[in-house]
1. Which residue, L239, S422, H750, has the largest displacement toward the positive end of the dipole of the chain when charges sit on each Cβ (Lys, Arg +1; Asp, Glu -1)?
2. Any lysines with Cα under 22 Å of the K308 Cα? List them, leaving off those in the same chain fewer than 8 positions away.
3. Under a straight-distance cross-link criterion of Cα-Cα below 16 Å, which aspartates and glutamates are reachable from K117, leaving out those fewer than 8 residues away in the same chain?
4. Find which of F593, F12, V338 sits farthest along the positive direction of the dipole of the chain, computed with +1 on the beta-carbon of Lys and Arg, -1 on that of Asp and Glu, about the Cα centre.
5. In the structure displayed, which of K715/K748; K657/K748; K715/K787 lie more than 18 Å apart, Cα to Cα?
6. Could you point to the residue in V181, C217, Q539 farthest towards the positive end of the chain's charge dipole, with +1 and -1 charges on the Cβ of Lys/Arg and Asp/Glu respectively?
7. At 0.36 nm per residue, minus the direct Cα-Cα distance, what do E50 and R306 gain on full extension? Give it in nm, one decimal, please.
8. Treating only the Cβ atoms of Lys and Arg (+1) and Asp and Glu (-1) as charged, compute the dipole magnitude of the chain about its Cα centre; round to the nearest 20 debye.
Amino acid sequence: MIVKALHEGWQFRSGDGEDWLPAQVPGCVHMDLLRNGSIADPFYGTNEREMQWVDKRDWEYATVFETDEEIWEASRAELVFDGLDTYADVYLNDRPILFADNMFRGWRVDVKPHLKKGANTLVVKFRSPIAEDLPKLEQLGYSLPAGNDQSEVGGLGDKRVSVFARKAPYHYGWDWGPRFVTSGIWREVRLEAWDHYRINDLYIRQDAVNAAEARLCGVVEIESEASFKGKLRLATDGLCWERDVELAAGLNVLELQAVIAEPRLWWCRGLGDPHLYRFEASFEAEGVKATSLAATVGLRSAKLIREKDAHGTTFYMELNGIPVFAKGANHIPNDSFVTEVTRERYRHEIESAARANMNMLRVWGGGIYEAEDFYELCDQYGIMVWQDFMFACSMYPGGDDFFDSIREEAAYNVRRLRNYASVVLWCGNNEIDTAWAQYNETAGWGWKKQYTAEQREQLWRDYEEIFHRLLPDAVSSHSHGIDYWPSSPMQALTGDASQHATDQSASGDIHYWGVWHGEEPFENYNVKVGRFMSEYGFQSFPEYKTVRTYAEEDDMALESEVMMAHQRNPAGNRLIKKYMDRYMKQPKDFPAFLYLSQMLQAEAMKMAFEAHRRRRGYCMGTLYWQMNDCWPVASWAGIDYYGRWKATHYFAAQSFKDRMVSIDGTDEAELRLHVLNDAAEPLHGRLEAAVYSFDGELLGRHELEVAVPAGSAEKLAAWSAKEFAGERAQSAVLVATLFVEGEAIDVKMHDFASAQEMTLRDPRIKATVEESSNGSRITLQSASLAKGVCLSAEKEGIFTDNYFDLLPGRPVTVQFLERSDGEAAFATADPGKLDVTSMYDYIIMK
């Protein structure tokens, strides 16, 4: 097959006939306008408001390409768009060849009759998604729930049209993201030409996989111009299977059975090596050149286990027969303009997840079905993917045309992603079942009150058609053995009130937002624990350097116009301050507020992470909201838009360790020490619990022998604060150290006093930098307790630990890892100018 990329020579203009300007493909109109100086930085200040005109216009893209001799002589030629955003009319040499209406699928058109020898003109006319969908709203006669559609920002009043477009919902705004409704050729475009036959698709269906053998089936789709007899082969790692086949004219779906004895299995991070095989399928007829196609595949079995037990129903992933406690976060698109996301940015995110000891990311349903780079990297790093279909927090229209579009979208993406070992679960939507709550009149988000009984029944029928029939059919038809979950959160598909999740459900998954939206105390994270915690979170601001990319010094105030523009949750800044007043001392100034907001978020998330993990067996998953940002903003993210780790991500790395100690201070009268073991082997070791004064004086020590089975959590001891520290508890710290074979594999610290009650002195931190062949080693020491030690480097990168506590006589050594665009996201390096601060530097001490 001959492939010609069509990414050069593109121009664009407004549909009203303005001058042509150079364009980038793949790309989008907002970025093309920015590169041509037609708009300012969309993320700066309040510029977003000035750019809402863009989505009201039509846009036209055009290029001229040459038909190469090979393509001209080939008997078949197709034009392939991997993604058009969204309503697009395509013309080749002035002839209409395609009318696209779904951002989430590819398009393939036979253009052999329309190609010219020499120069060909390709034009793509994008219709305004706003102008396209407003008539649909008018025709329906009533609005559909879409609370995150920021129609007011877009100048549309209460006319929320996002639900009518099969387009990334977050483009219309969210409570962490801006409103930029894009248009453009957002994924690759190319010509494909061929003769005789070609392999369109190779699917390695995993019929039965275990450590003894993998029973596979290579499903090979071959398109043929005529009848051919030949040999079909499938090969990997020196193994080869083949059989004689006969092709008929048209599409041929052929199967080739294969068995691999004692296969190397794909494991998620923490349980083993994420081994990948490279399979190649080929077909060759006598006298005709062979055609081939390769696929990289990890061999594994993955099941969602939902079994009745004494509490309700389990909810966990089983990988290769092993129950997995899922640790991770919810992923949103890395940019408001997704064409700006490079493989390096994907690698940075996925390696950051692995470095934080995560094993799962949930691709949330208000964004996009991600690029191949994302899933390839998840395969390589052993990160499981919970994959939502792209529906979130809204009710959707019905009708045959809309259903047909979704059916094509679902089949396209399930087929596209089915060879990735990392994709272990498909989910229908985000939060719609619990928001609508069809079977419970007193539950839900109040949506049902807006509609007549007849309208409600129609909306639910359309919902069931999409999420209870159409989407599960796509998964079962195109991806063997992968489970489907209709909505997150949900208890079970029962057709009665027990279907809908609550914050204390004993079945299904839970989104717990009592902390934050409900303004409940952090301590409730220890109480509101479900079978699988697929969403919960707390906000913080990004660091000062990031805030300064969108704000000037004069904007550095919590209620300034710019700060409010970069806080999309209406109550967000108020809630951060309210919780800070409850748990922290007062910040000295606004930069101090930024730092304390991160420490506040990190402490909240640490409490949740470890509460969930201590309940392993009952609870089997913790995915916090959210991993990343799509622009620089105050949000729930653990990593900001520029890839800078917040305190939360560093805390996640500590609280998600496979083998660790956890200190439960929920009960003020009793401290409980737990050892958590997510590894595949039993843990045998020693736990040392010691109490130190803020000056480093040892006040008491206990030791315990530790024996914790594989894949379990054990409470080992419970002591009162007085048993440890006597009357000096308010100025003392508990240090719990877990030793295995004499090596300290984990250290956790616990304050007997709250951050508000604590009296801190200047810790006089000393940092010593030693150069070595393996990069710089930075050793930190203090003269008194230093809370939340924050290291900042001149270069972009991360530290092997940060935002940690430091005691006299207990030095901590870290390394700086510079951000890299190589085969690894980070590389050891000298940090350049190093700044070291701690909580003492940011708070008002009375």
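1. Farthest along the dipole direction, towards plus: H750.
2. K528
3. The qualifying aspartates and glutamates are E66, D68, E69, E70, E73, E78, D94, E192.
4. Ranked along the dipole, the leading option is F593.
5. Numbers: K715/K748 15 Å; K657/K748 11 Å; K715/K787 27 Å.
Over 18 Å Cα-Cα: K715/K787.
6. Farthest towards the positive end: Q539.
7. So the chain would gain 87.2 nm between E50 and R306.
8. Dipole magnitude for the chain comes out near 1300 debye.
The values are calculated or read from the model by the stated rules, or taken from the named source; none is laboratory data. All values reported here derive from a predicted model rather than from experimental measurement. A quick note on method: Cβ atoms are made from the backbone with ideal geometry, for glycine too, and the neighbour counts reach across all protein chains shown. When the accessible area is computed, the model is the full protein with side chains, heavy atoms only, and any ligands, DNA or RNA have been set aside. Shrake-Rupley method; radii C 1.70, N 1.55, O 1.52, S 1.80 Å.
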